[in-house]
Amino acid sequence: MSMLTPPGMGGKYRITGDVYPRMRRPHRRRRIVLASAAAVVVLGAAGWGTLQLVDVFSGGDDTRKTAAGRQADCKPAPAPSASAAAKPPKPAQVTVNVYNATPRKGLAKATADELKKRGFAIGKIGNAPAAYDKKVPGAGVLLGAPTATKGAFAVLGTQLAGATTKVDARTTADVDLIIGTAFKNLSPKATADAALVALNKPKPAPTRC
């Protein structure tokens, strides 16, 4: 056997010339390497896609930063000052005419006396006009000029829960309180005073962004 005869060939083949047969490695290792590389690529793509989905649904860092910036920039608008806002009149600035539209006697006088104790100016006292006499089923009706809707109705309304309001053609600033069938008493003084305080508080302005 020649020294140039590859082992395992049993001397069957002889190498002649200057070209030698190459012993190729099995293809299995190459396949494993390629498969591993493909798996890494797939896993990387899957991970990147997951991060993108999370970023989309969570709004991403930029979105969170933008939202935080907007919240930081949002500031409540300054509340209007008492001088800037139209203040309701004080009870002493509201003249009330008290009329009784019920069959009960003395109701107008007693109600007027209580309103006077609470600081209201009292005008006329008597029975209700025919248009309202025994025709007011509720606690009472506040009747006045259209300008009364800007303050006088609200101030007098703190004294009688459930009173309705109605305007007429008068040009004077006085307001009528026509006592209705369902009237029992004026609102408790503590309740009415708290309502007056709330009425004079300026409402907070909405937040501006």
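The values are calculated or read from the model by the stated rules, or taken from the named source; none is laboratory data. All values derive from a computational prediction rather than experimental measurement. With ideal geometry, Cβ positions are generated from the backbone for all residues, glycine too; neighbour counts draw on all protein chains shown. Each accessible area value is taken on the protein alone, full model and side chains, heavy atoms only, with ligands, DNA and RNA left out. Shrake-Rupley method; radii C 1.70, N 1.55, O 1.52, S 1.80 Å.
Less than 5 angstrom separates the built amide H of Ile122 from those of Val96, all sequence-distant by 5 or more or on a different chain.
With all protein chains in place and ligands, DNA and RNA left out, the 1.4 Å accessible area ranks Val136, Val167 as Val167, Val136, largest first.
Each of Arg170, Arg104 has its accessible area taken with a 1.4 Å probe; listed largest first, they run Arg104, Arg170.
Seen from every direction in turn and averaged, the convex hull around the alpha carbons of the stretch 138-184 projects onto 2.9 nm². The percentage of C-alpha pairs in the stretch 110-209 whose separation is greater than 21 Å is 36%. Only protein heavy atoms count here; under a 1.4 Å probe, Lys189 has an accessible surface of about 100 Å². How far apart, in nm, are the 7 Å Cα→Cβ label points at Thr147 and Lys87? Going by the 7 Å Cα→Cβ label model, 1.9 nm. Taking all protein chains as they are arranged and a probe of 1.4 Å, the heavy atoms of Phe183 leave approximately 10 Å² accessible to solvent. Leu196 sits with roughly 30 Å² accessible to a 1.4 Å probe, with DNA, RNA and ligands left out of the calculation.
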